[in-house]
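Notes follow the structure.
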């Protein structure tokens, strides 16, 4: 698998050895973790993925979400707003 970064989106390409996990499934795994707080082991079993895959995937997806939404929802306050 090779990492492809286009703008603030992260996607993966298939390799000769395995297919990459689709973006929809990555988001589903991440949202399940954030919504339930289940362990990586439980989530990995639910989605039939490896624990190490889930443990690498969740921080990547959360970082991508943060990078996309930070400017819109977490604007840096100006000096007047701090006062």
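The values are calculated or read from the model by the stated rules, or taken from the named source; none is laboratory data. Since the structure is predicted, the reported quantities are computational estimates derived from the model, not experimental observations. Virtual Cβ from ideal backbone geometry, glycine too; neighbours counted across all protein chains shown.
In table form, for the structure just shown:
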read-out	value
Some residue of region 56-79 being touching a strand residue (DSSP E or B) at 6+ places or on another chain (Cβ under 7 Å) and part of a helix (DSSP H, G or I)	yes
Conditions (1) modelled with pLDDT of 95 or more; (2) under 18 Å from residue 69 (Cβ atoms); number of the one not met by residue 42	(2)
Search result, residues across region 11-30 that are under 20 Å from residue 44 (Cβ atoms) and either over 12 Å from the mean Cα position of the chain (by Cα) or at pLDDT below 70 (or both)	12, 17, 18, 19, 20
Every residue from region 31-55 that is in contact (Cβ under 8 Å) with a residue 12 or more places away in the chain, part of a helix (DSSP H, G or I) and under 20 Å from residue 18 (Cα atoms)	46, 47, 53, 54, 55
Residue check, residue 34 exposed (fewer than 14 other Cβ atoms within 10 Å of the Cβ) and either modelled with pLDDT of 90 or more or in contact with a strand residue (DSSP E or B) (Cβ under 9 Å, 6 or more places away or on another chain) (or both)	yes
